[in-house]
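Take a look at the structure set out below.
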Amino acid sequence: MRIAAVGDVHLGEDSRGLLRPALDHLAGTADVLLLAGDLTRHGTCAEARVVADELTGLGVPVAAVLGNHDHHSDEADGITDLLGEAGVTMLEGTAARFDLPDGSLGVAGVKGFGGGFAGKCASRFGEREMKAFVETTIASADSLRTALASLETDVVVALTHYAPIPGTLHGEPPEIHPFLGSYLLCEPIDEAGADLALHGHAHFGCEQGVTPGGVRVRNVAQPVIRKAYALYELKPAKQPARR
Ligand SMILES: [Fe+2]
Ligand SMILES: [Fe+2]
C-alpha cells in the first residue's frame, strides 16, 4: 500500500493554490495521505480554511494530526472542525482504519510533545511547571498507546508531530532536542510493533531513523523531504491480519 506523507506545510492566508497542484494527481500515486502537523503558520481558522480548500476532493483518504503552530492562536478546536468538515480524519490520541485496495491501514495519531531523549530528558520533578510539562508528554504517549492498541489492521502507522526518536533530528542543534520530541512517544510505538512511524516538526533534521525496537521512523517535515510529499510503500503482512 502506498502511503503519501508530509508535515510542516505551514500554509498562511496567502498560500492558496501553493499545495494543491502537486496533490491534484495524488490518487494515481498514493492510496492515502497522512499529514504530520504544522499545517498552518500561526494556527488561525483563517489559515485552516486555506488548508481545508487545498485538501478537499483529493480522491484518497486524508488523516492528520495538528502541530504546535496549529495551537499558537488557541484556535485548535476550530481548525480541527474546519479540516474535519473538509473530509480530513483528525487524530489526537485516536485511531482510524482505512480499507485500501491492498489491505487495511490503521493510523494512530497524536500531536505529542517535548521532553527529550534517554539520558538527556526532562523528568517529573521540582516545580509544578516542570511537572506539567512532562505530564503533558506522558498523557500524550498514553493516548498514543491506547490508540495503537485499538487497531486490528494489516498495517499500522503511528503519526505524530513531535519526534519519537533522536535519530531523525540529526542536523538540529542538540540544545533544542528536548523541544523537538520525547522518548516517551517511542515506547508505545515499539510496544505495538508499528510498521512505520511518521513525524514532522524537525525542519532541520533528517528523514530516516529507526526506533530501539526496529520500527522505521520517517521525518516528513516538508523542509526535510523537499517535495510535496514523501511516498512509502508498505506490504501488508500475509494472513492473518496483524493482532
Ligand atoms: Fe513546523
Ligand atoms: Fe512544529
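Every number here is computed from the coordinates shown, using simple stated rules; none is lab data. Keep in mind that this is a model prediction, so the values were computed, not measured. Note that we place each Cβ from the backbone using ideal geometry, even for glycine, and neighbour counts take in every protein chain shown.
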Completion exercise
Scanning segment 48-78 residue by residue, those of a type in the set (D, E, K, R) and within 13 Å of ligand 1 (Cβ to nearest atom) turn out to be D70
Practice task
Looking only at segment 51-85, count how many residues are among the small types (G, A, S), under 15 Å from the mean Cα position of the chain (by Cα) and either in a strand (DSSP E or B) or away from ligand 2 (no atom under 16 Å from the Cβ) (or both).
Solution key: 2
Handout entry: Verdict on L39 being within 16 Å of ligand 1 (Cβ to nearest atom), closer than 24 Å to T146 by Cα and surrounded by 15 or more Cβ atoms within 10 Å (Cβ to Cβ)
Key = no
Exercise for the section: Could you give me the residue pairs with C-beta distances under 7 Å whose first residue belongs to segment 1-22 and is away from ligand 2 (no atom under 16 Å from the Cβ), whose second residue is polar (S, T, N, Q) and in a loop (DSSP other than H, G, I, E, B) wherever it lies, and which are 6+ apart or on separate chains? Expected result: R2/T29; A4/T29
Problem - Number of the condition not met by H203 [criteria: (1) free of Cβ contacts under 8 Å to residues at least 60 places away in the same chain; (2) touching a helix residue (DSSP H, G or I) at 6+ places or on another chain (Cβ under 7 Å)] - result: (1)
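Looking only at segment 167-185, which residues are more than 16 Å from ligand 2 (Cβ to nearest atom) and either among the hydroxyl-bearing types (S, T, Y) or outside any helix (DSSP H, G or I) (or both)? Working first, answer last.
Filtering segment 167-185 for residues more than 16 Å from ligand 2 (Cβ to nearest atom) gives 167, 170, 174-175, 183-184.
Scanning segment 167-185 gives H170, Y183.
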Handout entry: Considering residues of segment 86-135 that are of a type in the set (A, V, I, L, M, F, W, C), part of a loop (DSSP other than H, G, I, E, B) and touching a residue at least 60 places away in the same chain (Cβ under 8 Å) only, the residue surrounded by the most Cβ atoms within 10 Å (Cβ to Cβ)
Key = L91
Fill in the blank from the handout: Scanning segment 186-216 residue by residue, those in a strand (DSSP E or B) and buried (at least 24 other Cβ atoms within 10 Å of the Cβ) turn out to be A197, L198, H199
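Which ones in segment 165-197 are within 16 Å of ligand 1 (Cβ to nearest atom) and closer than 16 Å to G114 by Cα? So that I can check it myself, show each step before the final result.
As a first pass, look at segment 165-197 and keep what is within 16 Å of ligand 1 (Cβ to nearest atom): 168-169, 171-173, 176-177, 179-181.
Result: T168, L169, E172, P173, I176, H177, F179, L180, G181.
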Practice task
Return the only residue of L33, L19, L23, L11 being among the hydrophobic types (A, V, I, L, M, F, W, C), within 13 Å of ligand 1 (Cβ to nearest atom) and buried (at least 20 other Cβ atoms within 10 Å of the Cβ).
Solution key: L11
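I'm trying to understand the selection: among the residues of segment 16-39, which are part of a loop (DSSP other than H, G, I, E, B) and out of contact with any strand residue (DSSP E or B) (no Cβ under 9 Å at 6 or more places or on another chain)?
Restricting attention to segment 16-39, the residues satisfying the condition of being part of a loop (DSSP other than H, G, I, E, B) are 16-19, 24-25, 29-31, 37-39.
The answer is R16, G17, D24, H25.
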